[in-house]
1. If you average the alpha carbon positions of region 212-263 and of region 27-98, how far apart do those two centres end up, in angstrom?
2. Bin width 5 Å, origin at 0, all Cα-Cα pairs of region 163-260: what percent of pairs per bin?
3. Listed highest first by mean packing, meaning other Cβ atoms within 10 Å per residue, what order do 226-236, 184-194 come in?
4. Could you go through region 218-226 in sequence order and give the Karplus-derived ³J(HN,Hα) for each residue, using 6.51 cos²θ - 1.76 cosθ + 1.60 with θ = phi - 60°, rounded to whole Hz, and x for Gly and Pro?
5. Which length gain, in nm to one decimal place, applies between residue 19 and residue 282 when the Cα-Cα distance is subtracted from 0.36 nm times their residue separation?
6. Keeping all protein chains in the complex and leaving out DNA, RNA and ligands, what accessible area do you get for residue 175 with a 1.4 Å probe, in Å² to the nearest 10?
7. Just to check I understand the Karplus step: with θ = phi - 60° and J = 6.51 cos²θ - 1.76 cosθ + 1.60, what whole-Hz values come out for region 25-39, glycine and proline as x?
8. Considering only protein heavy atoms and a 1.4 Å probe, what is the carbon-and-sulfur percentage of the accessible area of the chain?
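The values are calculated or read from the model by the stated rules, or taken from the named source; none is laboratory data. None of the values given here were measured: they were computed from a predicted structure. Positions of Cβ are generated from backbone atoms using ideal geometry, with glycine treated the same way; all protein chains shown enter the neighbour counts. The protein model used for the area step is the full one, side chains on, heavy atoms only, and it has no ligands, DNA or RNA in it. Shrake-Rupley method; radii C 1.70, N 1.55, O 1.52, S 1.80 Å.
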Amino acid sequence: WGSIGHQLTGYIADHLANKHTIQVSTALLNGWNMSRTTTWADDVKYNKSLPYGWSGPLHYIDIEDNPPHECGLNLTRDCPDGNCIVGAIANYTNRLDCSGKQYLPVNDRSDALKFLIHFIGDITQPLHACNRQIGGNTAFAIFDGANTTQYGKVQLHAIWDTYIIEKRLKNDFNDSFTAYGDFLVHQILKGAYAHHVPLWNSCLRKKSNHSKHDNHRALRCAIMWAKDSDKLDCSVVWPAYDADPKADLGLDYYKNAIPVVDMQLAKAGARMAALLDKELKKCH
Ligand code: DCM
Ligand code: DCM
Ligand code: DCM
Ligand code: ZN
Ligand code: ZN
């Protein structure tokens, strides 16, 4: 997601996480809330000479299926060395741990939390779980007549990261970030998503076979979350694009994408809160 999408997922988590979680995370984040911190991982990935310049590939998983015809994740094929968003969620959850023997220095745990809250967001962006055309980065389209690249078109990836969300914010929430955020929180607590939430978070509740190691639970959940996003590449993201790549995606395509984008942002926020409520429980 772009910066607004990430900040929305953090805003949701800031409103759903329990008090203890907020206390511990705020301390780890030097007084910042999650919403404000979610974009850090994008800021540190660009400069290859900075300490985290290597972290770009952790923002996605290149699932080598064949959307829109065939979708499905194979971890051995798609993330062989763990150097992808699924491996990153497992790894940074593990590094956050303060229940077992391992208790990393506070700076490492702070960075782990900053990475984790970003990746729990990115994994719900369908094109961050997609190998086709480099996650839609080489698929170009018109969006509201946008004419912002040398090709006169914008990347389908950017449409999903940013354009849909910015249009939704402007059209339906009068450009109020908090109105959009509050709307999603409300949908989760009392609205249309209320009875989906237990399903979205189900793998966090279930005891894993290796319950001593939260890492395994986080890994299992991240795999499910990547599969969940990948399915949308076959059902929504690509079929309507392939049907008419020359269409203006700011019209019907946008309208069909809204409920999907809303729900994916809500999933990220709800999972972020639920995972951290568990992981930070024993921290102080
Ligand atoms: N972004 C950021 N900081 C930067 C550059 C970009 O937060 N220095 C955000 C805005 C983009 C988003 O990252 O929309 C793209 O992220 P990704 O490339 O992971 O989708
Ligand atoms: N991206 C992706 N899958 C890839 C490559 C990149 O999802 N195989 C994402 C990461 C960024 C965006 O696409 O959000 C743009 O990537 P970059 O900044 O590396 O061009
Ligand atoms: N809103 C929306 N879709 C809904 C409900 C509300 O887009 N199903 C938008 C329209 C309002 C904003 O949310 O500008 C605030 O809604 P509420 O009246 O629920 O506070
Ligand atoms: Zn992206
Ligand atoms: Zn990212």
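1. Result: 17 Å between the Cα centres.
2. Values per bin, smallest distances first: 2, 11, 14, 15, 17, 17, 12, 7, 4, 1, 0.
3. Highest-to-lowest ranking by the protection proxy: 226-236, 184-194.
4. With coefficients 6.51, -1.76 and 1.60, one gets 4, 5, 4, 5, 4, 4, 4, 5, 5 Hz.
5. Full extension of this stretch gives 93.4 nm more.
6. Surface open to solvent at residue 175 totals about 90 Å².
7. Karplus-based 3J(HN,Hα) across region 25-39 equals 5, 4, 5, 5, 9, 6, x, 7, 7, 5, 3, 5, 8, 4, 8 Hz.
8. So the carbon and sulfur contribution to the accessible surface is 52 percent.
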